[in-house]
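Report on one structure; see the data block that follows.
The values are calculated or read from the model by the stated rules, or taken from the named source; none is laboratory data. Please read these numbers as outputs of a predicted model, since none were measured by experiment. Every residue, glycine among them, receives a Cβ derived from its backbone with ideal geometry; neighbour counts consider all protein chains shown.
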Amino acid sequence: MAWPRRPSGASPRILLGVALVAGLFGAAACGADRAGSAKPAGLVAIGAGLKGPAGLKATVYATGLPTASAFALDSRGRLWVATSAPTDHRKDGVYVIARAGARPQKVITGVRGPLGLTWYRDRLYVASLGRVDAYSGLHGAHFARRRTILVEPAGHGWNNSIVQAPNGRMVMSISSACDHCTPTSKWSATIVSFRPDGSDVRVYAKRIRAGFGLALYPGTSYLLVSMNQRDDLGALTPGDWLARVRRGQNWRFPQCYGQATSACAGAPRPIAVLDKHAAAGGVAVVTGQLGASVGSAALVAEWQASRVLKVALTKTGSAVAEPLLTGIRNPLALATTRDGALLVGDWGTGRIYRVVAG
């Protein structure tokens with residue numbers, strides 16, 4: 001498989017992948033007008049320059065990693081961070097942070113546009129422009145082996161988030177190759193699954209313009225996806241979405257974008273509508289570890305809107321997105337730790353924040 005690096009005529013927001021493809025870098029031109037989320041009322045200072053609900057406490061976990069795009073935690077609790085610039089990928093890489101306050105150490109170089117990281121057994125999977133690689137045999141600050149798992153066919157979009165499903169398969173989002181064209185590649189604008197060795201690649205769900213963040217509800221195959229909307233619609237642009245995606249679904253991109261017409265008849269619906277042109281990024285799931293003010297919820301980073309939203313997970317399958325954290329320039333990567341903390345990466349400043357129930 002081998003993709004184009006950038007579609008002809010694409011705006012800068014189609015540079016980094018599914019959610020980045022949908023809006024991370026060109027969104028400033030469109031503004032971040034609010035669509036589906038409530039105004040950030042009731043938030044108070046919680047530390048480290050952030051605002052959030054009373055009952056949360058924020059500290060700076062690490063600094064020095066501008067363009068942090070994805071997180072993964074290994075079996076020892078160390079944080080692995082991918083960095084991806086908008087256009088010039090010569091400095092992109094993967095770093096490890098041994099503990100809070102430690103200096104990030106660069107472990108992987110020569111990778112372009114990495115937007116997905118996940119550990120499986122003793123291998124670190126890195127999803128980047130046009131490929132997925134698995135690194136193993138870590139000794140100090142170097143991996144002894146790199147194995148290319150997938151090299152994608154020409155004509156679709158960019159690899160984004162990657163997670164391991166309960167059945168052992170990898171699940172990965174792939175953007176559309178353009179803002180609003182009908183995909184010509186089977187793999188464009190999809191979520192795919194494959195075995196850890198890269199075999200048996202299947203389309204899990206299709207016609208999703210830019211589904212950047214992936215997260216599984218703990219212990220289940222309940223897949224949550226942040227979706228960025230088309231940029232060409234002007235006033236018709238809906239907010240970005242948080243959705244539960246099931247195997248076999250067709251979300252009807254580019255014809256359907258949530259409008260009440262026959263183009264969306266029978267199409268799946270999102271759990272929550274986010275802000276317009278928000279460049280919805282990473283997704284994390286919390287199940288009470290951040291206290292009653294957060295509860296059981298999906299958290300979504302909004303790169304352009306400069307905040308993290310909370311979407312309560314309900315039995316009805318629909319909810320309102322509410323502001324959870326503000327004061328972050330460009331939140332993108334999210335992760336939860338074994339001790340119940342939320343880690344939030346600021347792509348713009350290079351800071352990583354740790355948020356706990358306080």
Pick from region 180-215, criterion over 20 Å from A72 (Cα atoms) and buried (at least 24 other Cβ atoms within 10 Å of the Cβ), ranking: nearest to the chain's Cα centre (by Cα): A210
Filter pass, G9 being assigned to a loop (DSSP other than H, G, I, E, B), at pLDDT below 90, on the phi > 0 side of the Ramachandran plot and surrounded by fewer than 16 Cβ atoms within 10 Å (Cβ to Cβ): yes
Among residues of region 224-268, those that are in contact with a strand residue (DSSP E or B) (Cβ under 8 Å, 6 or more places away or on another chain) and either charged (D, E, K, R) or in contact (Cβ under 8 Å) with a residue 60 or more places away in the chain (or both), counted: 12
Inter-residue pairs, beta-carbon under 9 Å, first acidic (D, E) and in region 90-116, second loosely packed, with under 12 Cβ neighbours inside 10 Å and in a loop (DSSP other than H, G, I, E, B), 6+ apart: D92/T109; D92/G110
Residue within region 86-99 that is closer than 30 Å to W251 by Cα and crowded, with 23+ Cβ neighbours inside 10 Å present: no
Filtered residue count, region 313-325, keeping only those that are buried (at least 17 other Cβ atoms within 10 Å of the Cβ) and either in a strand (DSSP E or B) or of a type in the set (S, T, N, Q) (or both): 5
Single residue of region 102-138 satisfying the filter (in contact with a Phe, Trp or Tyr (Cβ under 8 Å, 6 or more places away or on another chain) and of a type in the set (K, R)) that is nearest to R90 (Cα to Cα): K106
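Residue-wise test of (1) more than 14 Å from the chain's Cα centre (by Cα); (2) closer than 25 Å to E302 by Cα; (3) at pLDDT below 95.
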position	(1), (2), (3)
A134	yes, no, no
R146	yes, no, no
S173	no, yes, no
C178	yes, yes, yes
